[in-house]
Amino acid sequence: MGAAIDIDLASINSAAATGDGNDDDGVSVIPTLSVLDNSYQITVNVTNTSGNAGRLIAWIDFDGNGSFDVDEAAAKVVPDGTNAGNFLVTWANIPPDTQTGTTYLRLRFTSNALNAGEPNGFKSDGEVEDYRFFAEP
């Protein structure tokens, strides 16, 4: 994702969202998130030269419980042959228990099978990016 593509076979959690380094750049702008929002969108820059369609899943810890839950996920299919393509990821129904304060965004891209219940764990290819940001009242 982004220009600084690095291989992450699993996620590396950290409080500053820099567990795998400071090279996460798939999202250049994180739009303001308000607890009053019903939907939310981000643009993710992705390259896929794996030979297969890939799956991009993004999670936001809306409820602030420290985990990425299934109802906090949004997904996109990224076709093989995509070179620095911008994909709009949309959460159409934000959970009603969104909390204000520091929260986290996780992006995970792989050509392996991936579902909304897998923000962690091993995949044989792909990348994981984490971002820390603030949800406003």
Asn38 fails exactly one of (1) open to solvent by 50 Å² or more (accessible area, probe 1.4 Å); (2) modelled with pLDDT under 95; (3) closer than 11 Å to Leu107 by Cα, namely (3)
Considering (1) within 20 Å of Val27 (Cα to Cα); (2) at pLDDT 95 or above; (3) open to solvent by 20 Å² or more (accessible area, probe 1.4 Å), say which one Tyr131 fails and leave the rest.
(2)
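Just to be sure before I move on: is Asp24 acidic (Asp, Glu), under 15 Å from Phe133 (Cα atoms) and at pLDDT 65 or above in the structure I sent? Walk me through it before giving the result.
Numbers: acidic (Asp, Glu): yes; under 15 Å from Phe133 (Cα atoms): yes; at pLDDT 65 or above: yes.
Yes.
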Can you pull out the strands (runs of 3 or more DSSP E) entirely within the stretch 43-137 that have at least 1 residues that are under 20 Å from Thr32 (Cβ atoms), touching a helix residue (DSSP H, G or I) at 6+ places or on another chain (Cβ under 7 Å) and touching a residue at least 60 places away in the same chain (Cβ under 8 Å)?
54-60
Within the stretch 84-97, the residues that are modelled with pLDDT of 95 or more, farther than 23 Å from Ala4 by Cα and surrounded by 19 or more Cβ atoms within 10 Å (Cβ to Cβ) are Trp91
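Only one of Gly101, Gly81 is more than 13 Å from Ala135 (Cβ to Cβ) and surrounded by fewer than 19 Cβ atoms within 10 Å (Cβ to Cβ); which?
Of the residues listed, the single one that is more than 13 Å from Ala135 (Cβ to Cβ) and surrounded by fewer than 19 Cβ atoms within 10 Å (Cβ to Cβ) is Gly81.
The values are calculated or read from the model by the stated rules, or taken from the named source; none is laboratory data. Note that the structure is a prediction, hence the values are computed from the model and not measured. Because the Cβ atoms are built from the backbone with ideal geometry, glycine has one as well, and the counts that use them run over all protein chains shown. SASA here: full protein model, heavy atoms, side chains in, ligands and nucleic acids out. Shrake-Rupley method; radii C 1.70, N 1.55, O 1.52, S 1.80 Å.
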